[in-house]
Structure formats: C-alpha cells, structure tokens
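The values are calculated or read from the model by the stated rules, or taken from the named source; none is laboratory data. Here the structure is a predicted model, which means the values were calculated and not measured. For neighbour counting, all protein chains shown are included, and Cβ atoms are generated from backbone atoms with ideal geometry for every residue, glycine included.
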Amino acid sequence: MPDATHSFPHLPNAPGVGYKPQHFSDILENPAPVGWLEIHAENYMGDGGRPLAQLRVLSERFPISVHGVGLSIGGEGRLDPDHLARLKHLVGWLNPASFSEHLAWSTHDSHFLNDLLPLPYTKDTLSRVADHIDEVQETLGRRMLLENPSSYLAFDESTYTETDFLAEIVRRTGCGLLLDVNNVFVSATNLGYAPQGYIDAYPLDAVGEIHLGGHDEDEDDHGAPLLIDSHGREVVDPVWALLDYTLAKSGPKPLLVEWDTDVPDWPVLADEARRADAALTRVLA
Amino acid sequence: MISQTTFRAGLLDPSQPVPEGLSDGENRPAGRRYGVYRNNVTVSLREALADGFPSIVGLIGRDNFEHVARAYLRQSPPTSPLMMHYGATFPDFLADLEQLAHLPYLADVARIDVAMRQSYHAADSVGIEPTALQDMDETTLLNSRFTFAPSMILIRSPWPIGSIWRYTLRGGDKPTGIAEDVLILRAEFDPEPHVLGTEGADVLIALQGGHTFREALEPTGDTFDLSTLLGLLLSNNAITHVSNAPIPNQKD
C-alpha cells in the first residue's frame, strides 16, 4: 500500500470528530468547522475494501488521529504481538498526526471482551502499564497518548489517585495524555469527588488531545447517580463547563467530539463540533 | 488483590458473584456497578453479532436472535480485537443448536453473512479486461489457468440459501425448494451474492484448484451456460490473472 502523500505532523487546536463512514460525503463537501478526524484503529485493519479506500482519501485532506481500543495496555499478560504488528502496519502507511490508547484492559487468556475494563492504581499496575507503553512507543517509533477511563467502581487495593498514577506514567514513559473530560465528569459523579479538583491535580502539560462525549444516566443499588459513558448523545452542559475550566488552565488543545452509538446525521455532529470551536474561541479571547 | 481472571469470571457468567474488594468509592460494595461492565461486554458483543448476521435476525426475529447470540458469546467470546472477524464460527454453532433444528438451512444462510463481511474487507484487486479472453485463440484459452479476486467467495448448500437470504433482507419472490450455490462477488466495494447452478460451481472450484479451463469444463454437459458464468465473473472484476503457460509434453 502506498504511503500517504500528505502528512500532518500534529493535530491542530481545532475541533475534530470521531469518523463514521456514513458521514464520508458530508465531510468531503462540508466539513466546517471540523479540522481533523479520529478513527478507531481496529476498524482499519482489514486487508482492503471501502474502509481503507475512504481512509486514504480522508488522510489527504485531514490530520488523522488513530485511536486504539483493543491493545489492552493494562492487561496482566504481555501485549498481543500480532495486534502490535497490525498497529505498526497501520501507523506505518498512514503516518497519522497522533496515536492514542486507553488506560484499561480488554484481553484476557486470548479472549477479547470488547470493553474498557478497570485497573487498580497500584505499584504493580504502574510498572506493568509503563512497560507496555514503552513497548508500544518503541514498536511504533512515536510518542503515544494515554486516555483516562470512565470509572463505575473503585478498587480497595488502589494506593494512587488516578491523577498521580497518570502523572507517574508520563514521568516514567514520556508518553502524552488524552484527557477525556466526559470521563472525568462520569468518574467524579460515580465515585463522589469534584471534577474540577481532578483537573487541578491532572498533569495538563502532557495533554495532546481532549475528548468530549455524551453519557447516559442510571442509579446504583443505593439510588446514587451512576453515569454510563455511552457516546450516544449530545455532550451535557456540565461537561462543556468542565471543558471551559480545563482550557482556561491548559490553553487551547485539539478537541474531539465522540459519538459512537445512535450516530446522528452530519449537521447534528457538526453542531457539537461548533460548540467545541466556540470553547476554543473563548479561551483565545 | 483482584486478578483479571477473577474480574473476568463474572463478566460472561451472571451466576458468578461480584468480586470482593470493589466499592462505590464510599466503602460500600460495588454491587450493580460491576454489572455495568457485565452489561457492556454482553451488549457490545451481541450487537456486533446482530450487525454481522442481519439475515439471521430477520429469519428468527430479534428476541430469538438475542437469546442465541448470548449463548454463543458466552461460549465463544472473540479471540482477537478485530471485531470485523467476530462470529466466523457462529454458523457452526447454529447448525448444532437443537432448538433451531427445524430450520436446517439457517447455518448456510449465516455463512452468506460471514462471507459478505469477509468479502467487504478482503484485499483489493484489479479484474482483467473482458476483451482479454475474447482476443485469445481457443487452444490458448482452454489451456489457461485463472486467478480470482480475494473478495470472491463460493458457498455450496443443499438449501435455496441465496433466495432465502435475498427474500429475508430485500423481499421479492418467495424462495423455492431448489438447492442453490451462492457466489459472492465484489465489483468494487460492495459485495453481492449471486446464485450459481451446480455445474457453474463445479467449474469454479476446479479453476480455483488450479485446473486449466479445459479440465474444469470437461465434466459439464451440453446445456452448461459458459458465457453467462464468464460474463458474471468478468463484469464483477473477479478474474485477476490468466496464465497461459504451455503445458509440458502436450500431445495434441
């Protein structure tokens, strides 16, 4: 496969959206205000066909962020060498502006569970995750970004806060961070802490990208709010406010709107990107 | 310490208890908070199967499909993060299910869904010009061997699976009782199933096996419609290479 002829070295400090094939024509004809696109790596690991053909066209015009959902960086076992090789191939020919993955695990005993599963924040987890990130960065020959999870529960055995854990990962591996402010809001609500306090303690200097997305509302056994990270609706107002709070401290960043289930028509998604654009304009004012 | 083995055990088996050592952040047991992960895993895999097997959803209905899919995903979770390949063994699973034994064609119809997905993601290739065969003299053509597009997939069945698949997803004429072999071809990006006669399928299998055109045609009868088969293959860019290497020690 030929290398992408255009390459964009960085994601711009502009709004981007998670790419969905049904928006292909809309994006080519009327992308504004969207300045870049994010793809899920695993959807572009086939041998050929429309997905790769569309990606080649889009990569000529837009900076692309490759966002992995299947590497299982927090897994107890070793990283799947076949999957790492597939990732190296994709990142090799596409030469994307960014590569990111999750602080989570999804594979166990060679079974892939198709969800981002949680980790206790301990010394053991820290050294394992750091080793895996070293291996990824060495294999891909580039710095990666690591995303904070949405949490529905806490591990009694944790000895680090999530922000201290992420700061230590950055210090050990030199990786960057993908800050998902919806995940911060979801986790803070579910585990009973202030989301602004999380942002205050978070290593914002390492942030290479910010995620925004919608969540669903449920309740736990005690009637307490339990938010579910579903990416199936608009970003709620308190998350937009948390974005403003974050950008005021971090300065402008590449902002991504994720919408993965019940995907709307392009104008609805473009409106969400317009709101993100307005937040960037406010921080530059 | 909760190992991932312990955490995983309850995800696909609701009879397992919620692991100890998980809380709501205020020292109360996690309870249904663990259930969020359990639900995410089951629903995401079930939806992946429903997306991958639209004809089976249509044939047995959404509720029955979810029941069958849940049993399958618990027994056979994905073995790779490439969800585009998940469900390759689902047709075999359907074939062995006693409660679906009254629908004996179901597994073969499911094989069409699997093949449509495989074809969609198969490597790109370029078909030969239709004139390339016309320009050949007959002897050269008969001694040729063909290479086919990676997106071409043949499914043989004793059931009218092509008509059942089409009727379930697209409506139209009701299926008859005649066995059908189905050839999936991808002219550019969109795979399409085509019903083939038995002789056409025999010829294709012989050609795929590396036999010459002459050898592949030998068993066919006088009524075999070669031009229709070749027209179908050529118009869908399915023939990617014709090899005219002479056959050693040729007598005639």
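Evaluate the following for A:L212: is it buried (at least 17 other Cβ atoms within 10 Å of the Cβ) and more than 15 Å from the chain's Cα centre (by Cα)? Here the answer is no, as A:L212 does not meet what is asked.
Please go through the range A:242-262 and give me each residue that is farther than 23 Å from A:P63 by Cα and either without any contact (Cβ under 8 Å) to a residue 40 or more places away in the chain or surrounded by fewer than 21 Cβ atoms within 10 Å (Cβ to Cβ) (or both), ordered by number. Those that are farther than 23 Å from A:P63 by Cα and either without any contact (Cβ under 8 Å) to a residue 40 or more places away in the chain or surrounded by fewer than 21 Cβ atoms within 10 Å (Cβ to Cβ) (or both): A:D244, A:Y245, A:A248, A:K249, A:T261, A:D262. In this structure, is B:N39 more than 7 Å from chain A (Cβ to nearest Cβ), surrounded by fewer than 17 Cβ atoms within 10 Å (Cβ to Cβ), over 24 Å from A:G223 (Cβ atoms) and not β-branched (V, I, T)? Considered against the rule, which asks whether it is more than 7 Å from chain A (Cβ to nearest Cβ), surrounded by fewer than 17 Cβ atoms within 10 Å (Cβ to Cβ), over 24 Å from A:G223 (Cβ atoms) and not β-branched (V, I, T), B:N39 comes out as no. Summed over the range B:1-25, the residues that are among the hydrophobic types (A, V, I, L, M, F, W, C), in a loop (DSSP other than H, G, I, E, B) and more than 7 Å from chain A (Cβ to nearest Cβ) give a count of 2. When A:P118 is tested against (1) farther than 28 Å from A:I64 by Cα; (2) under 16 Å from the mean Cα position of the chain (by Cα), only condition (1) is not met.
May I ask you to verify whether A:H10 is more than 15 Å from the chain's Cα centre (by Cα), away from chain B (no Cβ under 14 Å) and within 22 Å of A:N148 (Cβ to Cβ)? Yes, satisfied. For the range A:115-142, a residue qualifies if it is free of Cβ contacts under 8 Å to residues at least 40 places away in the same chain and crowded, with 18+ Cβ neighbours inside 10 Å, and the qualifying residues are A:D115, A:P118, A:P120.
Scanning the range B:66-99 for residues that are within 19 Å of B:W159 (Cβ to Cβ) and either of a type in the set (F, W, Y) or in the same structural domain as B:I153 (by TED's automatic domain parsing) (or both) returns B:F90, B:F93. The residues of the range A:20-52 that are farther than 14 Å from A:L90 by Cβ and not in a helix (DSSP H, G or I), listed by number, are A:K20, A:N30, A:P31, A:A32, A:P33, A:V34, A:G35, A:W36, A:L37, A:G49. Within the range A:58-92, the set of residues being in a helix (DSSP H, G or I) and more than 12 Å from every other protein chain (Cβ to nearest Cβ) comprises A:L58, A:S59, A:E60, A:R61, A:P81, A:A85, A:K88, A:H89, A:V91, A:G92.
Would you mind stating whether A:V239 is away from chain B (no Cβ under 14 Å), farther than 20 Å from A:Y193 by Cβ, of a type in the set (V, I, T) and surrounded by 19 or more Cβ atoms within 10 Å (Cβ to Cβ)?
no
Just for the range A:93-110: of the residues that are within 14 Å of chain B (Cβ to nearest Cβ) and either assigned to a helix (DSSP H, G or I) or of a type in the set (A, V, I, L, M) (or both), which one is surrounded by the most Cβ atoms within 10 Å (Cβ to Cβ)? Only one residue tops the list, namely A:A104. Among the residues of the range A:263-276, those identified as surrounded by 17 or more Cβ atoms within 10 Å (Cβ to Cβ) and either of a type in the set (K, R) or touching a strand residue (DSSP E or B) at 6+ places or on another chain (Cβ under 6 Å) (or both) are A:L269, A:E272, A:A273, A:R275, A:A276. Scanning the range B:78-110 for residues that are of a type in the set (G, A, S) and either touching a strand residue (DSSP E or B) at 6+ places or on another chain (Cβ under 7 Å) or touching a residue at least 60 places away in the same chain (Cβ under 8 Å) (or both) gives a single hit, B:S80.
When every residue of the range A:140-159 is checked against the conditions, at least one turns out to be within 20 Å of the chain's Cα centre (by Cα) and in a helix (DSSP H, G or I). Mind checking whether some residue in the range A:178-200 is hydrophobic (A, V, I, L, M, F, W, C) and without any contact (Cβ under 8 Å) to a residue 12 or more places away in the chain? Among the residues of the range A:178-200, at least one is hydrophobic (A, V, I, L, M, F, W, C) and without any contact (Cβ under 8 Å) to a residue 12 or more places away in the chain, which makes the answer yes. Screening the candidates B:D173, B:D135, B:D92, B:D108 for the property of being more than 18 Å from the chain's Cα centre (by Cα), of a type in the set (D, E, K, R) and over 22 Å from B:A238 (Cα atoms) yields one hit, B:D173.
Checked against (1) on the phi > 0 side of the Ramachandran plot; (2) within 14 Å of chain B (Cβ to nearest Cβ), A:G232 passes all but condition (1).
Restricting to the range B:42-59, and then to whatever is surrounded by fewer than 20 Cβ atoms within 10 Å (Cβ to Cβ) and either free of Cβ contacts under 8 Å to residues at least 60 places away in the same chain or in the same structural domain as B:A110 (by TED's automatic domain parsing) (or both), can you tell me which residue is nearest to A:G223 (Cα to Cα)? Looking at residues that are surrounded by fewer than 20 Cβ atoms within 10 Å (Cβ to Cβ) and either free of Cβ contacts under 8 Å to residues at least 60 places away in the same chain or in the same structural domain as B:A110 (by TED's automatic domain parsing) (or both), I get B:V43. Selection of the range B:213-243 for residues being in contact with a strand residue (DSSP E or B) (Cβ under 6 Å, 6 or more places away or on another chain) and either buried (at least 17 other Cβ atoms within 10 Å of the Cβ) or small (G, A, S) (or both) yields B:L233, B:N236, B:A238, B:I239, B:S243.
For A:S230, the conditions (1) at pLDDT below 95; (2) more than 17 Å from the chain's Cα centre (by Cα) are fulfilled apart from (2). May I ask you to verify whether A:E42 is charged (D, E, K, R), within 13 Å of chain B (Cβ to nearest Cβ), crowded, with 17+ Cβ neighbours inside 10 Å and under 19 Å from B:Q4 (Cβ atoms)? So A:E42 does not fit the description; no. Somewhere in the range B:79-92, is a residue surrounded by fewer than 19 Cβ atoms within 10 Å (Cβ to Cβ), polar (S, T, N, Q), facing chain A (nearest Cβ under 9 Å) and assigned to a loop (DSSP other than H, G, I, E, B)? Yes.
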